[in-house]
Amino acid sequence: MELDLKKLKLRSINETLQNLDRKKNERDFKIINPEGSHALCAGLTEDMNINIKGHVGYYCGGMNQKAHITIEGNAGTGVAENMMSGKIHVKGNASQSAGATAHGGLLIIDGDASSRCGISMKGVDIVVKGSVGHMSGFMSQSGNLIVCGDAGEALGDSLYETNIYIKGKVKSLGADCVEKKMDSNHIKKLRKYLKEANIKNLKAESFKRYGSARKLYNFKIDNLSSY
């Protein structure tokens, strides 16, 4: 089914996707003329495939459950914010806070992601084929952040148990973030994510892993300046 944002209002399109017609049981949608619309495809809870032909604004696919969303363009702030499950694939670049607070699912960004990619992530897996900006992985709690390019300043600042894999250079590490050993289990897991993102030219062994030094888990007055 084709949904045209020049002919239909954003609310009408989101309501169509949020309340599927059980008689028709349509599960494949194409959205045309998105023209940077905000909150497109937010709050979806059903298995469906959505192809968005163009750029989207803020919070596309926010709170997603089960749906597979492909964005054939760039995405604004907070794409896949608070996603629970499913898959969101951005074929362009993503603005700041991509995958913020997301609990599950897979977010793939073919281009670059701006600052705070994966901020406070809680179980989502994020694959960025380009580079990420400063404060990526900030206070991230669980899940995996895979970056095939470079990372900006303060990577993984105040993170908990998230694994961060970087292929390129890291400008600086944030508080309590350190480089960690890559064992066979990490390599096996990373290979799976690279395969899911259709990345064939990079080897898992060429990445470095970063994680928490676990020195800020409990408050200590000596570490006051790091909090």
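The values are calculated or read from the model by the stated rules, or taken from the named source; none is laboratory data. Since the structure is predicted, the reported quantities are computational estimates derived from the model, not experimental observations. All Cβ positions, glycine included, derive from the backbone under ideal geometry; neighbour counts span all protein chains shown.
Of all the residues in the stretch 137-186, those that are hydroxyl-bearing (S, T, Y) and under 13 Å from L216 (Cβ atoms) number 2. One residue stands out among those in the stretch 197-206 that are free of Cβ contacts under 8 Å to residues at least 12 places away in the same chain and among the polar types (S, T, N, Q): the one that is surrounded by the most Cβ atoms within 10 Å (Cβ to Cβ), which is N198.
If you go through the stretch 106-115 and keep only what is farther than 11 Å from N144 by Cα and either surrounded by fewer than 24 Cβ atoms within 10 Å (Cβ to Cβ) or in contact with an Asp or Glu (Cβ under 9 Å, 6 or more places away or on another chain) (or both), you end up with I108, D110, G111, D112, S114, S115. For the stretch 7-37, the set of residues classified as in contact with a strand residue (DSSP E or B) (Cβ under 8 Å, 6 or more places away or on another chain) and assigned to a loop (DSSP other than H, G, I, E, B) consists of R27, N33, P34, G36, S37, listed by residue number.
Applying the criterion of at least 3 residues that are surrounded by fewer than 18 Cβ atoms within 10 Å (Cβ to Cβ) and either of a type in the set (D, E, K, R) or out of contact with any Pro (no Cβ under 8 Å at 6 or more places or on another chain) (or both) to the strands (runs of 3 or more DSSP E) found wholly in the stretch 116-177 leaves an empty list. Between a first residue in the stretch 181-196 that is more than 14 Å from D125 (Cβ to Cβ) and free of Cβ contacts under 8 Å to residues at least 40 places away in the same chain and a second residue that is in a helix (DSSP H, G or I) and of a type in the set (D, E), which pairs have beta carbons less than 9 Å apart while being 6 or more apart in sequence or on different chains? Every condition considered, the pairs that remain are M182/E205; I187/E205.
Would you confirm whether any residue within the stretch 159-171 is modelled with pLDDT of 95 or more, more than 27 Å from N64 (Cα to Cα), touching a helix residue (DSSP H, G or I) at 6+ places or on another chain (Cβ under 9 Å) and of a type in the set (F, W, Y)? For the stretch 159-171, residues modelled with pLDDT of 95 or more, more than 27 Å from N64 (Cα to Cα), touching a helix residue (DSSP H, G or I) at 6+ places or on another chain (Cβ under 9 Å) and of a type in the set (F, W, Y): absent. The residues of the stretch 41-99 that are assigned to a strand (DSSP E or B), buried (at least 20 other Cβ atoms within 10 Å of the Cβ) and charged (D, E, K, R) amount to a single one, K87.
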